[in-house]
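Read-outs throughout are calculated quantities, based only on the coordinates presented, and are distinct from any laboratory measurement. Only a predicted model underlies this, so the values are computations on that prediction, with no experimental measurement involved. Backbone-built Cβ (ideal geometry, glycine too); neighbour counts: all protein chains shown.
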Amino acid sequence: MRILLFSGKGGVGKTSLAAATGVRLASLGYRTLVMSVDPAHSLADSFDFGSDLFTRRTADPCRLDERLYIQEVNIQAEIKRHWREVSSYVMSVLRTTGLTDVEAEELAILPGMEELSAMMYVNQYRREGRYDVVVLDCAPTAESLRFISMPTTLEWYMKHIFPVQRTVMKAVRPIANKVAPVELPPDSYFANVRQLFDRLSGVEHLLEDPSVTSVRLVTNPERVVLRETQRAFVYFSLHGLTVDTIIVNRVLPPDAAVGYFKEWQHTQDQVNKEIEDYFSPIPVRKVPLFRDEVLGRARLEEVAQALYGPDEDPSALVRTERPYTFEKRPDGRYQVKIALPFATKAEVELFKKGDELVVEVGTLRRHIGLPTSMAALKPTRARLDHGTLTVILEDSHE
Ligand SMILES: Nc1ncnc2c1ncn2[C@@H]1O[C@H](COP(=O)(O)OP(=O)(O)O)[C@@H](O)[C@H]1O
Ligand SMILES: [Mg+2]
């Protein structure tokens, strides 16, 4: 099973491009599911599905044609299915603070529940072999990052906190329930958490495997959007996911870039060049701004045509090489490894600018955004070996 993950800033066109990709995949014969993980669902609308404004029909995979399904992860439905014990415990705690049932129910939706639910489905569909490709239409960048970091966070919780909490609870509950105003979690809560964890097991390996999961970052040719795309790129890389394509959506076609829009074209041209430089050698694709909203099957096919040409397969592997990796070494230093397949030692220049590591190879420049934990460090040593540049970063005071 292939997983194609569409992420990017709000409104850049993730849903439209994910839906168009689904249309193309299904027409190529793949059993395809397009799954929306954005609480502000618009996937069904994008297909002009004609359902109610707040439909629950799409909470399960909904068949659009022979091989194409859509699903919009619905948190209310998920709570009933998967989170019953966790949320009923949280609700019981919230009720003691004087909230009404309905209020408690609303607040018992914890951040991450939606993302985790989606992740469970991905894992389940992979196990069942139900689909050939799952296209994930993610929430805007910040939430998508929570989505991808969730399995590791949860794993940490399960390893370090969960066993302790559980044992402690067993011992203190009989006494604590008598004196504490808030009831402690019952055993069923822990059973629920464990069950959820089991359902998620292995999903992080799927996400980190570049032959399974490819991230397609959607951006617009505007500076502010580009900045967010760059950050997303760094963080996806940091989480071990492989971004294999950058899609620039809403590029002004030349015949539209006149009069009122002239300055837009100038900006777009500049930003497009920056995008190519920054992300090279990751392929950049462009999709024009269409005459009208992208709505309904026919329009989505046009988008697919613009994105993939007449017959390209969106699930084909584009890049399986991770662009760079960040590691903490056993000696406590940090290192960044960057694939520089075409460089020789004399051509490589290296310096730090703000929270970015800038690598120059001849006239080519690559900005590498450092994760927060490494941003204050200074590069002290670099080595180029078999096409890989290894940079050691250390605290500058030492
Ligand atoms: N290339 C395009 N040309 C014209 N309209 C577009 C294009 N891409 C997206 N849109 C429109 O922009 C709006 C936002 O797109 P959407 O795919 O919902 O963005 P996102 O999912 O990133 O929030 C929608 O109304 C969509 O029809
Ligand atoms: Mg969307």
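Arranged by the count of other C-beta atoms within 10 angstrom, fewest first, what order do T344, T267, T229 take?
Numbers: T344 10, T267 13, T229 26.
Least crowded to most crowded, the residues run T344, T267, T229.
Can you work out the Karplus-derived ³J(HN,Hα) for every residue in region 327-333? Use 6.51 cos²θ - 1.76 cosθ + 1.60 with θ = phi - 60°, whole Hz, and x for glycine or proline.
Here the 3J(HN,Hα) series is 9, 9, 7, x, 7, x, 7 Hz.
Mind telling me which of K378, K352, K328 comes out most flexible in a GNM of the chain, alpha-carbon contacts under 10 Å?
Highest fluctuation of the listed residues: K328.
From the helices alone, meaning DSSP H stretches of at least four residues, give me the mean residue ellipticity at 222 nm for the chain, per-run term -39500 (n - 2.57), in deg cm²/dmol to the nearest 500. Write down the numbers at each step before the final one.
Working: 13 runs with 161 residues, N = 398.
That comes out to -12500 deg cm²/dmol.
Please give the contour-minus-distance gain from R227 to T372: 0.36 nm per residue of separation, less the Cα-Cα distance, rounded to one decimal in nm.
Working: separation 145, 0.36 × 145 = 52.20 nm, distance 1.60 nm.
This chain segment gains 50.6 nm when fully extended.
In whole Å and largest first, what semi-axes does the C-alpha gyration tensor of region 289-355 yield when each eigenvalue is scaled by 5 and square-rooted? Walk me through the numbers on the way to the answer.
Numbers: eigenvalues 348, 50, 45 Å².
Gyration-tensor ellipsoid for region 289-355: 42, 16, 15 Å.
For the chain, modelled as a GNM with alpha-carbon contacts under 10 angstrom, which of P283, P39, P254 fluctuates the most?
Among P283, P39, P254, the largest GNM mean-square fluctuation belongs to P254.
Around A139, which amide H atoms from residues at least 5 apart in sequence, or from another chain, sit under 5 Å from its own amide H, with H modelled in the peptide plane?
Result for A139 returns V37, D38, S144.
Would you mind calculating the relative contact order of region 272-387 from Cα pairs under 8 angstrom and at least 6 residues apart, reporting the percent as a whole number? Show your work: numbers first, answer last.
Working: 93 pairs, mean separation 21.3, N = 116.
Value for region 272-387: 18 percent.
How much of the DSSP bridge set in the chain is antiparallel, in percent, rounded to the nearest 5?
Here the share of antiparallel DSSP bridges comes out near 50 percent.
What residues qualify as long-range amide H neighbours of Y334, i.e. H under 5 Å apart, gap of 5 or more or another chain, H built at 1.01 Å from N?
Answer set, sorted by chain and number: R329, L393.
Cross-link partners among aspartates and glutamates for K328, C-alpha distance below 14 Å, same-chain residues fewer than 8 apart left out?
E394, D395
Cross-link partners among aspartates and glutamates for K345, C-alpha distance below 16 Å, same-chain residues fewer than 8 apart left out?
Reachable aspartates and glutamates: E360, D385.
Given the alpha-carbon gyration tensor of the chain, what are the semi-axes of its equivalent ellipsoid in whole angstrom, ordered largest first, with each equal to the square root of 5 times an eigenvalue?
Numbers: eigenvalues 290, 195, 72 Å².
Rounded to whole Å, the semi-axes are 38, 31, 19.
Quote the Stokes-Einstein diffusion coefficient, in whole µm² s⁻¹, for region 7-105, based on the Kirkwood radius over alpha carbon pairs, a temperature of 20 °C and a viscosity of 1.002 mPa s. All intermediate terms of the calculation are to be shown ahead of the outcome.
Working: Rh = 15.4 Å.
Here the translational diffusion coefficient equals 139 µm²/s.
Please find the FRET efficiency linking K286 to V102, where r is the Cβ-Cβ separation and R0 is fixed at 35 Å, and quote it to the nearest 0.05.
Values: r = 47 Å, r/R0 = 1.35.
Using R0 = 35 Å, I get an efficiency of 0.15.
Stick to Cα atoms and the Kirkwood definition of Rh, then tell me Rg/Rh for region 284-398.
Values: Rg = 20.1 Å, Rh = 17.3 Å.
Ratio of gyration radius to Kirkwood radius: 1.16.
Kindly rank 242-249, 64-71, 257-264 from highest to lowest mean number of other beta carbons found within 10 Å of each residue. Don't skip to the answer; put the middle values down first.
Values: 242-249: 23.2, 64-71: 18.8, 257-264: 11.1.
The densest-packed peptide leads the list: 242-249, 64-71, 257-264.
What's the exposure ranking of F233, F190, going from fewest to most Cβ atoms within 10 Å? Could you put the intermediate results ahead of the total?
On the way: F233 23, F190 19.
Ranked by crowding around the Cβ, least crowded first: F190, F233.
Please build a GNM for the chain, connecting alpha carbons under 10 Å apart, and tell me which residue among R285, R223, R381 fluctuates the most.
R381
As an exercise, use a Förster radius of 25 Å and the Cβ-Cβ distance of D277 and T320 to find the FRET efficiency, rounded to the nearest 0.05. Intermediate values should be presented prior to the final figure.
On the way: r = 23 Å, r/R0 = 0.91.
So the FRET efficiency works out to roughly 0.65.
Project the alpha carbons of region 212-361 onto their principal axes and report the range along each, largest first, in whole Å.
Cα extents, longest axis first: 57, 36, 26 Å.
If I take every Cα pair under 8 Å that is 6 or more residues apart in the chain, average their sequence separation and divide by the length, what percent do I get for the relative contact order?
Values: 650 pairs, mean separation 73.9, N = 398.
The value is 19 percent.
Using the Cα atoms of region 190-258 to build a convex hull, what is its mean projected area in square nanometres? Write down the numbers at each step before the final one.
Numbers: hull surface 28.4 nm².
Across all orientations, region 190-258 yields a mean hull projection of 7.1 nm².
Say each of E394 and R95 gets a label point 7 Å from the Cα, pointing the same way as Cα to Cβ; how far apart are those two points in nm?
Computed distance between label sites E394 and R95 equals 6.0 nm.
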